[in-house]
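Worksheet: one structure, shown below.
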Amino acid sequence: MNSFRALQRALGYEMERQTGVPEEGGRIVQETRTWDEGKGVTLSLRSKEQAHDYRYFPDPAWVEEIRARLPELPEARSARYAEKPGLSAYDAGVLTAEKSLTDYFEACLAIYPEAKAVLQLRKQPPGCGPFSFRNPVEHRT
């Protein structure tokens, strides 16, 4: 395609063609097609038997860049909680079930890094312990 106009014409032609094929009892096949600007039609270049024939190769640098932008996913965070602070799989799962609880736990760890002691605070009545269950960042001592 050498212009947006050619692209528009090719897409319009393909929409019409692919709509008409099933209506006429045919089957749309996976294939590579080319646009003939002079005739105003697309022509088959080669067929594709399987999806792997398309040979998609994502750019590894691009994939890593996207992964770096993603937040830590709940499964990864749960595994990190079970590994580093040594929490049980159950506690790690409970803490990562809701983002607000995970954020609260992270804020608690920033103030008081002993994870198991932070978990014990949730079992005490509100207002007990080194800080209450209000925002721990507001209650630094």
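Residue by residue, here is whether (1) charged (D, E, K, R); (2) in contact (Cβ under 8 Å) with a residue 40 or more places away in the chain; (3) over 30 Å from Glu14 (Cβ atoms) holds:
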| site | (1), (2), (3) |
| --- | --- |
| Lys39 | yes, no, no |
| Arg46 | yes, no, no |
| Ala92 | no, no, yes |
| Glu98 | yes, no, yes |
| Tyr104 | no, no, yes |
In segment 63-121, the residues that are surrounded by 12 or more Cβ atoms within 10 Å (Cβ to Cβ) and either touching a His at 6+ places or on another chain (Cβ under 6 Å) or among the polar types (S, T, N, Q) (or both): Ser78, Ser88, Thr96, Thr102
Number of the condition not met by Val41 [criteria: (1) at pLDDT below 90; (2) of a type in the set (A, V, I, L, M); (3) surrounded by 11 or more Cβ atoms within 10 Å (Cβ to Cβ)]: (1)
Conditions (1) within 30 Å of Ser3 (Cβ to Cβ); (2) modelled with pLDDT under 85; (3) among the hydroxyl-bearing types (Ser, Thr, Tyr); number of the one not met by Thr32: (2)
All positions within segment 106-132 that are of a type outside the set (Lys, Arg), more than 30 Å from the chain's Cα centre (by Cα) and either part of a helix (DSSP H, G or I) or at pLDDT 70 or above (or both): Ile111, Tyr112, Glu114, Ala117, Val118, Gln120, Leu121
Helices (runs of 4 or more DSSP H) wholly inside segment 4-99 that include at least 2 residues being acidic (Asp, Glu) and on the phi < 0 side of the Ramachandran plot: 4-23, 60-69, 74-83
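The values are calculated or read from the model by the stated rules, or taken from the named source; none is laboratory data. Here the structure is a predicted model, which means the values were calculated and not measured. Counting neighbours? That spans all protein chains shown, and the Cβs are built from the backbone with ideal geometry, glycine included.
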